[in-house]
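Read through the structure below, which is laid out as structure tokens, and then see the notes.
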Amino acid sequence: MSDTDEDAISSDWGAEEETPLQEDDKIQLYPLTKETISEGLSLLNRVGNGLGHAFVKLDLKEKSLNDIAAISSYIHIRFLDLSKNHLTDLAPLASLSHLLWLKVDNNAVACFKGQPFGELTYLQWLSLAKNKLVDIDGLVCPALQSLNLTGNGIRQMNGFQTGCFANLVTLELRGNLLETTAGINLPTLQRLYLAQNVIDRLEGLEKLECLTILHLRDNKLETFDGLSPSMKCLQYLNVRGNAITNEEVLQSLGHVSKSLRTLVLSNNPMERTLDYRPYVLLLLPQLERIDKDLVSMEDRTEAWELADEEIPEP
């Protein structure tokens, strides 16, 4: 997996200065109607005992919705996209007991308390990116496998416990306000994306025994202290764009599991003064890729030569 596989590309090209809305420019908001629902339905499927049929997919993105009460009678919906509306209350979804996939990106949901997720017992994929969430209090989804909370205002990860997320394998928290990795007790978690926060310390990672991907790009880490050998499945670690300054800090990489295959270190301060590839290979000779480049035989030879230089004469 390369650096660009996991890093979102951002740019302010074409950004325009916001101006206050005039009276005629105010956004018009609408409640959901049966007509709008009919236009968005697709994917006819068998339901119930297999003798009946119903549409199970509903696309309601960009409908200027602020009320979805009308959806409550469409109990067979399994896949629902509510992105780019103006929703704060998702309570009408409680009757959609067969829901498997739910996308509510770019809305105005501010908290999980009073929302219906505890009743959606089959929900496996949930995305609430770019809402107004500041914590996850009240969110319980035992069947959930993938959760995306990118671009909110979440400051801590307390609440990510096994009892609430027993099956979660992918967690995305990019672009929040996290200062630490503490608070996650999810031994089944496999992929954790924490780029673009303000994380300056690694804590609690010893509980993530099944983690294969840890993405920490664009944070404030100065050391690797907190990486744990109990993360024995870790294969990909991205700490690009942090505050790593010198080779002494790299020594903490010795605690990383021997399963690690890709390490991304570019855009740290040490890059300006140090060719860190041989130092890294001395500590982690099993690596197959450093930054965007595959480890070559020339890289390994340079690491061996560095090792010879550091061994004192008898």
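The values are calculated or read from the model by the stated rules, or taken from the named source; none is laboratory data. Computed from a prediction, not measured in an experiment: that's the story for all the values here. Note that we place each Cβ from the backbone using ideal geometry, even for glycine, and neighbour counts take in every protein chain shown.
Which ones in segment 37-58 are farther than 14 Å from SER73 by Cα and in contact (Cβ under 8 Å) with a residue 24 or more places away in the chain?
Once the filter is applied, which keeps residues that are farther than 14 Å from SER73 by Cα and in contact (Cβ under 8 Å) with a residue 24 or more places away in the chain, segment 37-58 yields LEU43, ASN45, VAL47.
Suppose we filter VAL264, VAL280 for residues that are touching a helix residue (DSSP H, G or I) at 6+ places or on another chain (Cβ under 6 Å) and either of a type in the set (Phe, Trp, Tyr) or farther than 22 Å from ASN167 by Cα (or both); which single one remains?
Working: VAL280 fails: touching a helix residue (DSSP H, G or I) at 6+ places or on another chain (Cβ under 6 Å).
After applying the criteria, what remains is VAL264.
Would you check if ALA143 is surrounded by fewer than 21 Cβ atoms within 10 Å (Cβ to Cβ) and among the aliphatic types (A, V, I, L, M)?
On the way: surrounded by fewer than 21 Cβ atoms within 10 Å (Cβ to Cβ): yes; among the aliphatic types (A, V, I, L, M): yes.
The answer is yes for ALA143.
If only one of LEU147, LEU214, LEU168 is assigned by TED's automatic domain parsing to the domain that holds ASN238, closer than 22 Å to CYS111 by Cβ, outside any loop (DSSP other than H, G, I, E, B) and at pLDDT 95 or above, which one is it? Outline the logic, then answer.
Details: LEU214 fails: closer than 22 Å to CYS111 by Cβ; LEU168 fails: outside any loop (DSSP other than H, G, I, E, B).
Step by step, each of LEU147, LEU214, LEU168 is checked, and only LEU147 is assigned by TED's automatic domain parsing to the domain that holds ASN238, closer than 22 Å to CYS111 by Cβ, outside any loop (DSSP other than H, G, I, E, B) and at pLDDT 95 or above.
Would you mind telling me which numbered condition in (1) at pLDDT below 95; (2) crowded, with 16+ Cβ neighbours inside 10 Å VAL104 fails?
Here VAL104 clears every test but (1).
Counting only residues that are over 18 Å from THR180 (Cα atoms) and aliphatic (A, V, I, L, M), how many does segment 212-268 have?
Here is the first cut: in segment 212-268, the ones over 18 Å from THR180 (Cα atoms) are 212, 229-230, 232-236, 245-251, 253-268.
Restricting the remaining residues to those that are aliphatic (A, V, I, L, M) gives 234, 249-250, 253, 256, 260, 263-265.
The qualifying residues number 9.
Just to be sure before I move on: is GLU248 closer than 21 Å to TYR279 by Cβ, surrounded by fewer than 18 Cβ atoms within 10 Å (Cβ to Cβ) and either of a type outside the set (A, V, I, L, M) or not assigned by TED's automatic domain parsing to the domain that holds GLU288 (or both) in the structure I sent?
Spelling it out, GLU248 is indeed closer than 21 Å to TYR279 by Cβ, surrounded by fewer than 18 Cβ atoms within 10 Å (Cβ to Cβ) and either of a type outside the set (A, V, I, L, M) or not assigned by TED's automatic domain parsing to the domain that holds GLU288 (or both).
Can you name the residue in segment 40-61 that is of a type in the set (Lys, Arg) and modelled with pLDDT of 90 or more and, of all such residues, is farthest from THR121 (Cα to Cα)?
Looking only at segment 40-61, we keep the residues that are of a type in the set (Lys, Arg), and these are 46, 57, 61.
Among the residues that remain, those that are also modelled with pLDDT of 90 or more are: 57, 61.
Working: LYS57: 18, LYS61: 24 Å.
For segment 40-61, the residue satisfying everything is LYS61.
Only residues in segment 254-268 that are farther than 12 Å from THR212 by Cα count as the first member; pair them with residues that are of a type in the set (Val, Ile, Thr) and in a loop (DSSP other than H, G, I, E, B), Cβ under 7 angstrom, at least 6 apart or cross-chain, and list the lot.
Note: pairs meeting the criteria are VAL264/VAL239; LEU265/VAL239; LEU265/ILE244; ASN268/ILE244.
Looking only at segment 140-173, how many residues end up being touching a Gly at 6+ places or on another chain (Cβ under 7 Å) and at negative phi?
The qualifying residues number 6.
Only one of these conditions is not met by ASN158: (1) touching a Leu at 6+ places or on another chain (Cβ under 7 Å); (2) assigned by TED's automatic domain parsing to the domain that holds LEU211. Which number is it?
(1)
Could you grab me the full set of residues in segment 62-75 that are crowded, with 17+ Cβ neighbours inside 10 Å and either at pLDDT below 95 or not in a strand (DSSP E or B) (or both)?
The answer is LYS63, ILE68, ILE71, TYR74.
Kindly check whether there is at least one residue in segment 217-224 that is in a helix (DSSP H, G or I) and not basic (Lys, Arg).
Step one: filter segment 217-224 for residues in a helix (DSSP H, G or I), giving none.
No - not one qualifying residue is present in segment 217-224.
Looking at THR212, THR181 in this structure, which one is among the hydroxyl-bearing types (Ser, Thr, Tyr), crowded, with 22+ Cβ neighbours inside 10 Å and within 30 Å of GLU247 (Cα to Cα)? Give the steps one after another, and end with the answer.
Details: THR212 fails: crowded, with 22+ Cβ neighbours inside 10 Å.
Going through THR212, THR181 in turn, just one is among the hydroxyl-bearing types (Ser, Thr, Tyr), crowded, with 22+ Cβ neighbours inside 10 Å and within 30 Å of GLU247 (Cα to Cα): THR181.
Look at GLU203 and say whether it is touching a strand residue (DSSP E or B) at 6+ places or on another chain (Cβ under 8 Å), farther than 29 Å from TYR122 by Cβ and without any contact (Cβ under 8 Å) to a residue 24 or more places away in the chain.
Yes; evaluated as a whole, the condition is true for this residue.
Would segment 173-194 turn up any residue that is under 14 Å from the mean Cα position of the chain (by Cα), farther than 26 Å from LYS113 by Cα, assigned to a loop (DSSP other than H, G, I, E, B) and touching a residue at least 12 places away in the same chain (Cβ under 8 Å)?
Checked against the condition, which is being under 14 Å from the mean Cα position of the chain (by Cα), farther than 26 Å from LYS113 by Cα, assigned to a loop (DSSP other than H, G, I, E, B) and touching a residue at least 12 places away in the same chain (Cβ under 8 Å), segment 173-194 yields at least one hit.
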